[in-house]
Amino acid sequence: MNEQKAVAIIDSGVGGLTVAKEIMRQLPREKILYFGDNDRCPYGSRPADEIRTFSLQMIEYLYQYPVKALVIACNTAAAVVLEEVKELSSIPVLGVIEPGARAAISTSRTRRIGIIGTETTIRTSSYERALRRLNPNLYVSQLACPEFVPLVEKRLLHTPEARRIVEKTLAPLRYEELDTLILGCTHYPLLSSLIQEALGDEITLISSAEETARELSTLFSLDDLHACEQSSAPQHLFFTSGNKQIFQEIGEEWLDRELHVEQKDLAQAMQNK
C-alpha cells in the first residue's frame, strides 16, 4: 500500500519547494508532506545544536504520518543531522549535498567549481568534501552568502535591493575562473536569474533538486516503493511554522498550483505530544 505513504520533506523555510517541485515533476504520483520552519529561518548562522533540535522537531512531527522516505532539503540541516537521522530512521533518508556534488562534477569541463551556501554549510565544507570524494583533483572555491535567504523569505526577489546584494556578495567569484557553481542552499534557485546575471552566462548553475529527485526515484525502484500507477492524484500537504499566507503565496507562485497549507507551532506541537 505504498500509495498511501508520503515523501516527507523538511526545510528551514520555502527553499525546499525547489526540491518538492522537481519531485512532483519526476514522481507525479507520489504524495508530499512538507514542513518549512519559516518562523525560525534562516538556519545558516545558528549554532549546530539549535539546527539539530529544530530539524529533529520537524522530522518527528512529519513522522506522525505514514511516510516512506525523508528528504532533508535544507543544506544547512543536512550538514548537521543527515548521518544521525539516517542511523535512526527505518526509511530511506536523502540529503541534497551528495546529489548536488555529483551533478556539478558531471557538468564541469574545467574542474573549477564554486560553492555558495549559508555560513554553516560553508563552514562545515560539506560540499567540498563530497566533491573531493568523487574527484580529488578539483579546484574548489567556497563563499558564504548569509543575506540571500532573507531575500527569498521576505519576498524581495524582484527588487533593486536584491540585485544589489547579489552582485556585491558574488563579486569575489568573478575572478575565480569557475565554469560551474553549486547553489548550496535550496533557497538560492529562486535567485538564479540574479545570480546568473551577476556571474555571466559562462558559468553553469547547479541546483541539487533534479539530482535528488532522480536519486529518490532510483531508491523507490530498487525497494519497490513507487506509488501504484492506478493511484489517484496525490493530495500534498504543506506545513509552516511561520506566516501561512506568505508561505502559500510563495509556494503557489513557485509550484504553479494551489496548496493546502497549515500553520503549526513546532515547540507547542512537541509539548502537546
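The values are calculated or read from the model by the stated rules, or taken from the named source; none is laboratory data. The structure displayed is predicted, hence computed values, not measured ones. Positions of Cβ are backbone-derived with ideal geometry, glycine not excepted, and every protein chain shown enters the neighbour counts.
Need the failing condition index for SER241 against (1) surrounded by fewer than 18 Cβ atoms within 10 Å (Cβ to Cβ); (2) touching a residue at least 60 places away in the same chain (Cβ under 8 Å), just the number.
Of everything listed in (1) surrounded by fewer than 18 Cβ atoms within 10 Å (Cβ to Cβ); (2) touching a residue at least 60 places away in the same chain (Cβ under 8 Å), SER241 misses just condition (1).
Matching residues to (1) at pLDDT 90 or above; (2) not aliphatic (A, V, I, L, M):
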| site | (1), (2) |
| --- | --- |
| THR218 | yes, yes |
| LEU225 | no, no |
| ILE250 | yes, no |
| LEU266 | no, no |
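Can you tell me which residue among ILE97, ILE59 is of a type in the set (Val, Ile, Thr) and more than 28 Å from ASN135 (Cα to Cα)?
ILE59
Step by step: first the residues of region 1-41, then only those that are among the β-branched types (Val, Ile, Thr) and over 13 Å from the mean Cα position of the chain (by Cα), then the one that is nearest to LYS244 (Cα to Cα). Which residue is that?
Here the residue is ILE32.
If I go through region 192-215 residue by residue, how many of them are surrounded by 17 or more Cβ atoms within 10 Å (Cβ to Cβ), at pLDDT 95 or above and either charged (D, E, K, R) or in a helix (DSSP H, G or I) (or both)?
Final tally of qualifying residues: 4.
Looking only at region 160-187, filter to residues that are at pLDDT below 95 and crowded, with 20+ Cβ neighbours inside 10 Å; which one of those is nearest to the chain's Cα centre (by Cα)?
THR186
List the number of the failed condition for GLU167; all other conditions in (1) in contact with a strand residue (DSSP E or B) (Cβ under 7 Å, 6 or more places away or on another chain); (2) acidic (Asp, Glu); (3) in the same structural domain as TYR127 (by TED's automatic domain parsing) hold.
(1)
Being of a type in the set (Val, Ile, Thr) and not in a strand (DSSP E or B) is the filter here, so list the residues in region 132-149 that pass it.
The one that is of a type in the set (Val, Ile, Thr) and not in a strand (DSSP E or B): VAL149.
Within region 33-53, track down each residue that is surrounded by 20 or more Cβ atoms within 10 Å (Cβ to Cβ) and over 22 Å from SER125 (Cβ atoms).
The answer is LEU33, TYR34, PHE35, GLY36, ASP37, ASN38, CYS41.
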